[in-house]
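This report refers to the structure that appears directly beneath it.
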Amino acid sequence: SGGQAGAENGAFTYPMDVAFAPDGTLLIADAGANLVRTWTAAAGLGTLKVAGALHTPHGVAAGPDGTVYVADMNAHQVVAIDREGRLTRVAGMGEKGPAEGQLNKPAAVLVHARHLWIADLDNHRVTVVPLDPPVPRRRLAVVWHSDRHRSPAARAFVEIAQAVSANVERDLGES
């Protein structure tokens with residue numbers, strides 16, 4: 001039951017944005033109630049557990065890992081909320097401003113291509129934050145003395161190291 005004023009469970013005060021989490025949960029930024037609401041067909045309407053306060057959640061998005069990102073407009077920051085409800089600031093400094101790293105009324109967020117895109121309303125700009133910095137490429141070299149006296153343990157170590165190296169190289173190539 002939406003559209004009614006009020007912060008009690010089942011009502012919205014000022015819903016501003018919606019997004020889907022990877023598990024299909026609908027997320028609703030309720031700026032008037034300072035909450036992020038959730039909705040699923042099985043559970044109906046609920047409230048996202050948050051260990052901390054939100055100050056006018058205006059925009060909401062979800063990352064592929066289920067992290068919820070909130071454009072917390074009047075706190076001039078964007079926060080990440082993990083599955084346990086812990087808040088982490090990912091952009092902004094908590095006070096408005098035009099300087100690098102500052103936000104002035106972040107209004108919307110979008111997760112796309114491993115980046116968080118932030119509509120910074122009063123700074124008239126879009127800020128882009130990488131969500132997972134790329135892992136720098138590294139080379140793993142395994143060197144051993146190749147003679148007939150190599151033990152079975154040494155041979156097994158080399159085989160495992162080669163397999164791990166191949167897996168790491170494959171995984172880095174996919175990122």
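The values are calculated or read from the model by the stated rules, or taken from the named source; none is laboratory data. Here the structure is a predicted model, which is why all the values come from computation and not from measurement. Cβ sites come from the backbone with ideal geometry, for glycine too, and all protein chains shown count toward neighbours. Side chains included, ligands, DNA and RNA excluded: accessible areas come from the protein's heavy atoms. Shrake-Rupley method; radii C 1.70, N 1.55, O 1.52, S 1.80 Å.
Brief remarks on what is shown
- Of the listed requirements (1) at pLDDT 95 or above; (2) out of contact with any Gly (no Cβ under 8 Å at 6 or more places or on another chain); (3) open to solvent by less than 80 Å² (accessible area, probe 1.4 Å), A53 misses just one: (1).
- Test: residue in segment 64-82 that is among the charged types (D, E, K, R) and open to solvent by 70 Å² or more (accessible area, probe 1.4 Å): yes
- Matching option when the condition is assigned to a strand (DSSP E or B), over 15 Å from L131 (Cβ atoms) and open to solvent by 30 Å² or more (accessible area, probe 1.4 Å), among V60, V18, V90: V18
- Selection over segment 22-42 of residues that are in contact (Cβ under 8 Å) with a residue 40 or more places away in the chain and either closer than 20 Å to P106 by Cβ or in contact with a helix residue (DSSP H, G or I) (Cβ under 9 Å, 6 or more places away or on another chain) (or both) gives a count of 4.
- Pairs where the first residue, in segment 49-74, is farther than 19 Å from H115 by Cα and the second is surrounded by fewer than 24 Cβ atoms within 10 Å (Cβ to Cβ) and of a type in the set (S, T, Y), C-beta under 9 Å, 6+ apart: T56/Y14; M73/T56; N74/T56
- Boolean, P106 is farther than 17 Å from F20 by Cα, of a type outside the set (A, V, I, L, M, F, W, C), surrounded by fewer than 17 Cβ atoms within 10 Å (Cβ to Cβ) and touching a strand residue (DSSP E or B) at 6+ places or on another chain (Cβ under 8 Å): no
- Qualifying residue in segment 113-120 (condition: without any contact (Cβ under 8 Å) to a residue 12 or more places away in the chain, over 19 Å from F12 (Cβ atoms) and assigned to a loop (DSSP other than H, G, I, E, B)): yes
- Looking only at segment 21-41, and only at residues there that are of a type in the set (A, V, I, L, M), open to solvent by less than 40 Å² (accessible area, probe 1.4 Å) and not in a strand (DSSP E or B), the one that is nearest to P57 (Cα to Cα): A31
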